[in-house]
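Read through the structure below, which is laid out as structure tokens, and then see the notes.
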Amino acid sequence: MGLEAVRDIAIVVLAVESIVIGILLLVTLGQIRKLVALLRDEITPMLKAANDTARTMRGTANVMSESVVKPLVQVSSYTTGTVQALRSLVGIRRKLDHDGRPRSSTAERPEKEV
């Protein structure tokens, strides 16, 4: 077998390899087209539905915040303010004697019965 035979065999092998690579490239291109079609036809509507659901949940949270949470927080703050004001008034009243003079710090306090 001469050098020409080795050359001819190498050319045939390279030609077959090129044909196989071309076929695999076409198969890969077909798979990419199917993937793009899948993304366009099935995944995009699912993403839109998920986005709509998130938008609905955001709206529901806003409505709950405005109609339930905000009034409860306002009532709670008014109640807390009123309680603190009453505590301050009661505390001032306890510090004053019946005739309006402040109690001395050395005055004995009545003991509580058990």
Legend entry - Charge-dipole axis of the range 1-68 as Lys and Arg at +1 and Asp and Glu at -1 on Cβ define it, positive-most pick from 43, 3, 16: 43
Inset, instruction - Could you calculate the contour length gain from residue 15 to residue 77, that is, 0.36 nm times the residue separation minus the distance between their Cα atoms, to one decimal place in nm? - result: 13.8 nm
Inset, instruction - State whether the range 1-97 is rounded, prolate or oblate according to the following rule on the C-alpha gyration tensor (a ≥ b ≥ c being the square roots of its eigenvalues): a/c under 1.5 gives rounded; otherwise a/b larger than b/c gives prolate, and the remaining case gives oblate. - result: oblate
Inset, instruction - Return the loop-located trypsin sites (Lys or Arg not before Pro) in the range 1-57 (DSSP other than H, G, I, E, B) with at most 10 other Cβ atoms within 10 Å of their own Cβ; answer none if there are none. - result: none
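No lab work stands behind these numbers, since they all come straight from the coordinates. All values derive from a computational prediction rather than experimental measurement. Note that we place each Cβ from the backbone using ideal geometry, even for glycine, and neighbour counts take in every protein chain shown.
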